[in-house]
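Since every read-out is calculated from the coordinates, none of them should be taken as a lab result. What you see is a predicted model, and the numbers here were worked out from it, not measured in a lab. Counting neighbours? That spans all protein chains shown, and the Cβs are built from the backbone with ideal geometry, glycine included.
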Amino acid sequence: MRNWLIARLLLSLSEESVGELVLLENKTLLEKQKRVFNCNKLKYAFQNLCKEPGRFLENLPSTSVIICFHNEAWSVLLRTVHSVLDRSPPHLIEEVILVDDFSDMEHTKQQLEEYWTNEPKVKIIRAGKREGLIRARLLGAAHAKGQVLTYLDSHCECTTGWLEPLLDRIARDPTTVVCPVIDVIDDTTLEYHYHDSGGVNVGGFDWNLQFNWHSVPEHEKKRHKNPAEAVWSPTMAGGLFSIDKARASEEPFKKQYFLDIL
């Protein structure tokens, strides 16, 4: 089998197109990465409420951002990490932990190590066997030094101002598990689709116990003066969230949220 890598590459806005599917030989990948790994010039997504002076606490806790992956596409993984580093206040990012869940593609090995050599905040942890998402997350948590654990998928992109609201909620109440608003990145063009706070939903289940999204209940809406305020949700999608590290380390919490299925 020829040594090819299929990767979705985001081109800078100086290019003719926003994104395209490119077939690259590994030997040309390093030469082209400087051109293709520019993150989207995303819209400043703060609502007016979030811009108000004193909206967030001044002394927010630091966070360890944990990103688990298995054979993730090169450009997509780097795009995720770069967006975290570039669009977060540096003092709030304790580290970015990449948990390799036993990948076997060449670009996830030495090439990945070399790429992040000069970035001290990026750490790569490798599982000795395929663990699955939940055990990989626990592996990352075991190496985390931040006061808060923030879990992200390996194929997402953070906007400016994404982190402060999450940490603020936990700083005010460490028992809170906080999920961000999840916008959509088009899987064909990689175009970013922004939605304001008026489109926020809460998680739930149907009678077949399938997770789905529901409109915010009226009794919850009545508690709010602004649609950008945090909304209580009975459940969450589970892909992206922040949690107080001390809370996540408690054994009852581990059994409830990180149940090890044998």
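Ratio of Rg to Rh for the range 121-178, alpha carbon only, Kirkwood?
Computed over Cα atoms, the ratio is 0.99.
Dimensions of the range 39-257 along principal axes (Cα, Å, largest first)?
Over the range 39-257, Cα extents along the principal axes are 53, 39, 39 Å.
Can you give the convex hull volume per residue for the Cα atoms of the range 72-157, as a whole number of Å³?
95
Taking the Cβ of L60 as the center, what net charge do the other residues with Cβ under 15 Å away carry, scoring Lys and Arg +1 and Asp and Glu -1?
Around L60, the charge tally is -2.
Relative to the present Cα-Cα distance, how much length would full extension add between W207 and A230 at 0.36 nm per residue of separation?
Length gained, W207 through A230: 5.6 nm.
Of the peptides 72-80, 86-94, how do they stack up when ordered by the mean number of other Cβ atoms within 10 Å, highest first?
72-80, 86-94
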